[in-house]
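Quick note: the coordinates plus some simple rules give every number you see, no bench work behind them. Keep in mind the model is a prediction, meaning the values are calculated, not measured. Note that each Cβ is placed from the backbone with ideal geometry, even for glycine, and that neighbours are counted across all protein chains shown.
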Amino acid sequence: MNLAAESPSSSCSSGSTDDFAAFLENEIEAQIEEEEIEEEHIEEEDDDEIEIEIAEHSNKRRKVMDDESTDEESPLNTVDLANGQISNGGNVVCAHPIIIRNLCSHCGEFVEEAGSSVAFNYIHKDLRLGASEIEKLRKEDLKHLLKDKKLILVLDLDHTLINSSRMIDIIPDEQYLIKQVEEGKETDDPNQTLFQLGRYHMLTKLRPFVRTFLKEAKNMFEMYIYTMGERAYAMEIAKLLDPGDVYFSSKVICQSDCTTRNQKGLDVVLGADNLVIILDDTEHVWHKHKENLILMERYHYFASSVRQFSSGIKSLSEMKKDERESDGILATILSVLKRAHEMFFDPKIGIDLSSRDVRQILKLIRQDILEGCNIVFSRVFPSDVQANEQPIWKLAEQLGATCLGDVDDSVTHVVAVVPNTQKAEWARDNNKFLVTPRWIEAANYLWQRQKEEDFAVPKKVDK
Amino acid sequence: MFFHIVLERKIQLHPRYFGPHLRDKLVAKLMKEVEGTCSGRHGFVVAITGVEDIGKGLIREGTGFVTFPVKYQCVVFRPFKGEILEAVVTMVNKMGFFAEAGPVQIFVSNHLIPDDMEYQAGDMPNYTTSDGSVKIQKDCEVRLKIMGTRVDATEIFCIGTIKDDFLGVISDPSAAS
């Protein structure tokens, strides 16, 4: 609506205000009809013919007015706002880079849901970004991060940084925790780790060392939370972990932001893939980004949490103890992250910063762990399957070990489950290490070669 | 833009209010129900200026409530495409900034911010010109032009631009004055 073009005399005589008012009436009518028609189109009513007539009518009106005013409009307005098409002058059709509440922020036009845009509801409700805009933002982000010497860290919540349990799942042995939480509410301990999420009747326990972890990680990483929980739950936990809103402001991604069901993806993270390290306890949700993932050992504080994964083991709360702060999982992972960060920003490496890849660095660090170990597997998997496709084989190779099919002099470790197999006896005879598969898994979780004695295969007790 | 128009609404009244102050109770209920709401057609009702006419009440079957058709004058606010407004910046992020002009929220994307203004992240994220002379941050006043509107049930949302002549920052909260 170009008032300046349409009614040049609107500022002066009173005779023209009637026309102005009438014009305004028409304008409002046309606009309402157009908006109503758009709404009706979405609702898919049956009165198509009548609608088309009305649409043509208002389009005709609009076209007449636009023809009058195109010459005087500025370059920005040559996009025909009503029809979203090219006007004369051959300007490009708007690519709708940023769409908020179904309105393109560039041309002001109503945009339907489909298209190449991705929803970013965690930044702002009803925000969608077009593919080209996402690329542009990613590149800008890359520049800023490399300038500040930061990488990107994507953190999972449940079983990685915290452990939650519903109140109704608390077993009798854990009742003392409820008392603890009540007392905690009275005092105001800054180091409190057990919280009650009032709205959800849940108890949440922060993993030991998490606060220090976040504080130190902040210097090296820009951090995101990515959880399969609901937004409200995620925001509550973010408030507990980040009371000052320093680490995660508008960077909390939850289940509803995932573009693929049951899969987490880096497409909703506005950062370049080669800078991202992911900390998560579940591997299968990161199908597309396995190389960025650091698998964490699960944090089972509550009994209900342990039961979900396996029975028989007691949870930390039942045993009335907790992971040690000084050498717990988070502390170990923090040192791995520090090392990766150091290696990435090492000025001595020749390659240009923007073409470095943190995935390569993780691979290199991993391959150091079991460097020099030659491993043979015994009855760990059935002999009729493809041995080098087995997950434990691949894991060992990722960690830098060489896996062999049969025993020979170069073998250093035999991995077995029971002590009386041929290969196990060979190991004992030749003074080689005989360990359980847990030894390899522990090396994966703790990023360090573990003492073989701690994982020795137990000798079967004779009858 | 503001308009002063006459609207009509049917107000339901509980029999407990029937008495000498029926009209006052009716007007009070009207104000409570209507002021601050938004309709797609008219925009936000800012204030009721007067009651023109109250029709005959009709008793509803079954409930005993009485429905009065009330004609009232009110000031409404409705933003239009192409309109120029002053607004106060409420949030700045790398996509652009949000501003509020009364009850209506306007988003100005970074594409429609002049090219010489760059986004600066930090404690108080802002858009600044290369020489630092003009800064857009929270609580700043800006003059912007509406590019498009979207009318929901309860609110109106707009897209704006400051890329044209005479648009942009009017006053800075940090400027001493």
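Classify the range A:123-164 as rounded, prolate or oblate from the Cα gyration tensor: take a ≥ b ≥ c as the square roots of its eigenvalues, call it rounded if a/c is under 1.5, otherwise prolate when a/b beats b/c and oblate if not.
Cα axes put the range A:123-164 in the oblate bin.
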**Study point:** From the C-alpha gyration tensor of the range A:350-463, square roots of 5λ in Å
**Key:** 30, 15, 12
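Determine the gain in length on full extension of the stretch A:R166-A:A95; use 0.36 nm per residue of separation and subtract their C-alpha separation, reporting nm with one decimal. Numbers along the way, then the final one.
Details: separation 71, 0.36 × 71 = 25.56 nm, distance 4.66 nm.
This chain segment gains 20.9 nm when fully extended.
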Exercise for review: Could you pull out every one of the lysines with an alpha carbon less than 24 Å from that of B:K138, ignoring same-chain neighbours closer than 8 positions?
Suggested key: A:K125, A:K239, A:K251, B:K94, B:K163
Point to revise | Positive-end residue of A:S354, A:F248, A:S317, charge dipole of the protein assembly as shown with Cβ unit charges | key: A:S317
Review point. In degrees from 0 to 90, rounded to the nearest 10, what is the angle of the helix B:22-34 Cα long axis to the longest principal axis of chain B?
Key: 30 degrees
Exercise for review: Based on the mean of other Cβ atoms within 10 Å per residue, sort peptides A:253-262, B:54-63 so the most packed one is first.
Suggested key: A:253-262, B:54-63
Revision key, fill the gap. Taking every residue of B:106-114, the Cβ atoms of other protein chains inside 10 Å of its Cβ average out to 4
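Once the Cβ-Cβ distance between B:F3 and B:E118 is put in as r, and R0 is 51 Å, what FRET efficiency do you end up with, to the nearest 0.05?
0.85
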Check your understanding: Arranged by the count of other C-beta atoms within 10 angstrom, fewest first, what order do B:M117, B:M1 take?
Key -> B:M1, B:M117
Revision key, fill the gap. Eigenvalues of the alpha-carbon gyration tensor of chain B, times 5 and square-rooted, give semi-axes in Å, largest first, of 45, 14, 14
Review point. With +1 on each Lys and Arg Cβ and -1 on each Asp and Glu Cβ, how big is the dipole of the range A:293-351 about its Cα centre, in debye rounded to the nearest 20?
Key: 140 debye
**Study point:** Cβ-placed point charges (K, R +1; D, E -1), dipole of the range A:302-418 about Cα centre in debye, nearest 20
**Key:** 520 debye
Review point. Can you give the net charge of the other residues whose Cβ lies under 13 Å from the Cβ of B:K29, counting K and R as +1 and D and E as -1?
Key: +3
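Charges only on Cβ, +1 for Lys and Arg, -1 for Asp and Glu: so what's the dipole of the protein assembly as shown about the Cα centre, in debye to the nearest 20? Provide the component values of the computation, followed by the final result.
Details: 74 positive and 109 negative charges, 745 e Å.
It comes to approximately 3580 debye.
How many partner chain Cβ atoms sit within 10 Å of a residue's Cβ in peptide A:439-448, on average, as a whole number?
Whole-number average of other-chain Cβ neighbours for A:439-448 is 0.
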Point to revise | D (Stokes-Einstein, µm²/s), Kirkwood Cα radius, the range B:39-98, 0.890 mPa s at 25 °C | key: 156 µm²/s
Exercise for review: Using Cα pairs closer than 8 Å and at least 6 residues apart in sequence, work out the relative contact order for the range B:24-127, in percent.
Suggested key: 16 percent
**Study point:** Peptide-level mean, for A:95-104, of C-beta atoms on other protein chains within 10 Å
**Key:** 5
Check your understanding: Can you give the three extents of the C-alpha atoms in the range A:403-455 along their principal axes, from longest to shortest, in whole Å?
Key -> 30, 21, 17
Revision key, fill the gap. In units of 2.2 N^0.38 Å, the Cα radius of gyration of the protein assembly as shown is 1.29
Check your understanding: Considering only B:P20, B:T37, B:F2, whose Cα is most displaced toward the positive end of the charge dipole of the range B:1-65, charges sitting on Cβ of Lys, Arg (+1) and Asp, Glu (-1)?
Key -> B:P20
